[in-house]
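Notes for the one structure printed next.
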2 protein chains.
Amino acid sequence: MIEPFDDSYFMKKAMQEAEAAFDSGEIPVGAVVVVDNRIIARAHNLTETLNDVTAHAEMQAITAAANFLGGKYLTGCTLYVTLEPCQMCAGALYWSQISKIVYGATDENRGFKTMRTKLHPKTEVVSGVMEQEASSLMKRFFIEKRNLN
Amino acid sequence: MIEPFDDSYFMKKAMQEAEAAFDSGEIPVGAVVVVDNRIIARAHNLTETLNDVTAHAEMQAITAAANFLGGKYLTGCTLYVTLEPCQMCAGALYWSQISKIVYGATDENRGFKTMRTKLHPKTEVVSGVMEQEASSLMKRFFIEKRNLN
């Protein structure tokens, strides 16, 4: 059976958000939150635009999803995010009790795995979905940024 | 020489925020951000009111302080918070490059020390300021909550 709504399908939607971030000069990270194959939140990094270190894609996606659901817990939800979450975002995901996190590229330096940030025991993690695409977009961003400076 | 603006002075202001949280049924945590003895942000926990796990006092204080300063980094700022920050808030403080964090009560279970969340290397930490008062308010909150349920 063909499954039209697989992890790649939703990661592509997160990648579209990352590209929107790229286009506005933000570090290109995008995220969507999904429940029952339905996207209930879309967000991308806005730290430069908002002058706010807390405006990571995941943080906004968590807030938007909770707002949509009318409750603060994201049980039953999956977050798709193009880059491995940092300490802050993993800490927020811990509080949200989200059921699943799917991320693309690994962040060797500041990702929650290196930092050993604790997720909720009920949270499942899948990594490496569309890793190449997410990683390439990040590299392209930093190369262009260097060339402009 | 008498120093009117010491850590206790600003922690009292954070405690007033914690009391405001208590009065609105929120876990009583309050925070202020200070630059050159001037309070530039005040906030208290709003997770219940906003249905948002990211609405911790510290997160709002970071956003408000950056907004006041017109830049996302909080170099030169001190955060006073009545409870030891969690992973999420410590992760946000890491990104903010804040110069100093002063907290009151210890959070043995979910505080950043137990969780080993990494702060920015330039961030100084002071703990235990008005610890008893902050801790008592927390205990009172949970006792009242239990009695109501």
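For the stretch B:13-35, what are the residues that are over 11 Å from the mean Cα position of the chain (by Cα), crowded, with 24+ Cβ neighbours inside 10 Å and farther than 15 Å from B:PHE141 by Cα?
None; the set is empty.
Pairs, please: C-beta under 8 Å, at least 6 apart or cross-chain, first residue more than 10 Å from B:MET130 (Cβ to Cβ) and in the stretch B:1-16, second surrounded by fewer than 14 Cβ atoms within 10 Å (Cβ to Cβ) and of a type outside the set (Gly, Ala, Ser)?
B:PHE5/B:ASN37
Which ranges mark the helices (runs of 4 or more DSSP H) fully within the stretch A:1-98 that have 2 or more residues being among the acidic types (Asp, Glu) and more than 26 Å from A:MET115 (Cα to Cα)?
In the stretch A:1-98, A:7-23 are the helices (runs of 4 or more DSSP H) which contain 2 or more residues that are among the acidic types (Asp, Glu) and more than 26 Å from A:MET115 (Cα to Cα).
Return the residues of the stretch A:73-85 that are surrounded by fewer than 24 Cβ atoms within 10 Å (Cβ to Cβ) and within 13 Å of chain B (Cβ to nearest Cβ); say none if nothing qualifies.
A:TYR73, A:THR75
Regarding the stretch B:107-121, can at least one residue be identified that is touching a strand residue (DSSP E or B) at 6+ places or on another chain (Cβ under 8 Å), open to solvent by 10 Å² or more (accessible area, probe 1.4 Å) and β-branched (Val, Ile, Thr)?
no
Quick check on my filter: what residues within the stretch A:108-120 are in a loop (DSSP other than H, G, I, E, B) and more than 18 Å from A:ILE62 (Cβ to Cβ)?
The answer is A:GLU108, A:ASN109, A:ARG110, A:ARG116.
Among (1) within 25 Å of B:GLY70 (Cβ to Cβ); (2) open to solvent by 10 Å² or more (accessible area, probe 1.4 Å); (3) modelled with pLDDT of 95 or more, where does A:ARG140 come up short?
(1)
Can you name every residue in the stretch A:125-149 that is among the hydrophobic types (A, V, I, L, M, F, W, C) and part of a helix (DSSP H, G or I)?
A:ALA134, A:LEU137, A:MET138, A:PHE141, A:PHE142, A:ILE143, A:LEU148
Tell me the residue from A:ARG42, A:ARG38 that is under 14 Å from the mean Cα position of the chain (by Cα) and open to solvent by 40 Å² or more (accessible area, probe 1.4 Å), please.
From the options A:ARG42, A:ARG38, the qualifying one is A:ARG42.
Go over the candidates A:THR63, A:THR47 one by one and state the one that is farther than 26 Å from A:LYS139 by Cβ, without any contact (Cβ under 8 Å) to a residue 24 or more places away in the chain and within 12 Å of another protein chain (Cβ to nearest Cβ).
Answer to the check: A:THR63.
Only one of these conditions is not met by A:GLN97: (1) within 17 Å of A:THR63 (Cα to Cα); (2) within 11 Å of chain B (Cβ to nearest Cβ); (3) crowded, with 22+ Cβ neighbours inside 10 Å; (4) of a type outside the set (Val, Ile, Thr). Which number is it?
Answer for A:GLN97: the failing condition is (3).
The values are calculated or read from the model by the stated rules, or taken from the named source; none is laboratory data. Quick caveat, the model's predicted, so the values are computed rather than measured. Please note: Cβ atoms are built from the backbone with ideal geometry, for glycine as well, and neighbour counts cover all protein chains shown. Calculation scope for accessible area: heavy atoms of the full protein, side chains included, ligands and nucleic acids excluded. Shrake-Rupley method; radii C 1.70, N 1.55, O 1.52, S 1.80 Å.
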